[in-house]
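Take a look at the structure set out below.
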Amino acid sequence: SDEEVVDQKATLEVSCKPKCVRQLKEYQACTKRIEGDETGNKHCTGQYFDYWHCIDKCVAEKLFDLLK
């Protein structure tokens with residue numbers, strides 16, 4: 001019962017990141033494009049959420065099999 005709990009979701013997120021390289025590159029390209037924007041009107045929210053949606057979808061396929 002003194003066993004340390006490991007967050008399985010965080011471990012799976014790391015293993016899923018290689019499957020979401022395209023979304024990550026789109027997000028990075030967007031951040032580079034708007035780097036000099038001082039108006040605050042430009043953002044990469046859509047690309048950010050696309051990246052994390054890809055990771056979450058990958059994690060969801062495996063996570064519940066690992067939970068106790």
Original post:
Among the residues of segment 12-28, which ones are open to solvent by less than 80 Å² (accessible area, probe 1.4 Å) and of a type outside the set (D, E, K, R)?
Top reply: LEU12, SER15, CYS16, CYS20, VAL21, GLN23, LEU24, TYR27
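Could you list, in sequence order, the residues of segment 46-61 that are among the hydroxyl-bearing types (Ser, Thr, Tyr) and open to solvent by less than 60 Å² (accessible area, probe 1.4 Å)? Steps first, please.
Initial filter on segment 46-61 (among the hydroxyl-bearing types (Ser, Thr, Tyr)): 48, 51.
Across segment 46-61, the qualifying residue is only TYR51.
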Original post:
Can you pull out the residues in segment 1-10 that are open to solvent by less than 80 Å² (accessible area, probe 1.4 Å) and free of Cβ contacts under 8 Å to residues at least 40 places away in the same chain?
Top reply: ALA10
**OP:** Of the numbered conditions (1) in a loop (DSSP other than H, G, I, E, B); (2) under 18 Å from the mean Cα position of the chain (by Cα), GLY36 fails exactly one; give the number of that condition.
**Re:** (2)
Original post:
What are the pairs, 6+ residues apart or on separate chains, where a residue within segment 28-57 that is under 30 Å from GLN8 (Cα atoms) has its Cβ under 6 Å from a residue that is of a type in the set (Asp, Glu) and open to solvent by less than 100 Å² (accessible area, probe 1.4 Å)?
Top reply: GLN47/GLU26; ILE55/GLU13
**OP:** Consider THR31 carefully, then state whether it is over 19 Å from PRO18 (Cβ atoms), polar (S, T, N, Q) and open to solvent by 60 Å² or more (accessible area, probe 1.4 Å).
**Re:** no
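The values are calculated or read from the model by the stated rules, or taken from the named source; none is laboratory data. Because the structure is a prediction, the values reported are computed rather than measured. All Cβ positions, glycine included, derive from the backbone under ideal geometry; neighbour counts span all protein chains shown. When the accessible area is computed, the model is the full protein with side chains, heavy atoms only, and any ligands, DNA or RNA have been set aside. Shrake-Rupley method; radii C 1.70, N 1.55, O 1.52, S 1.80 Å.
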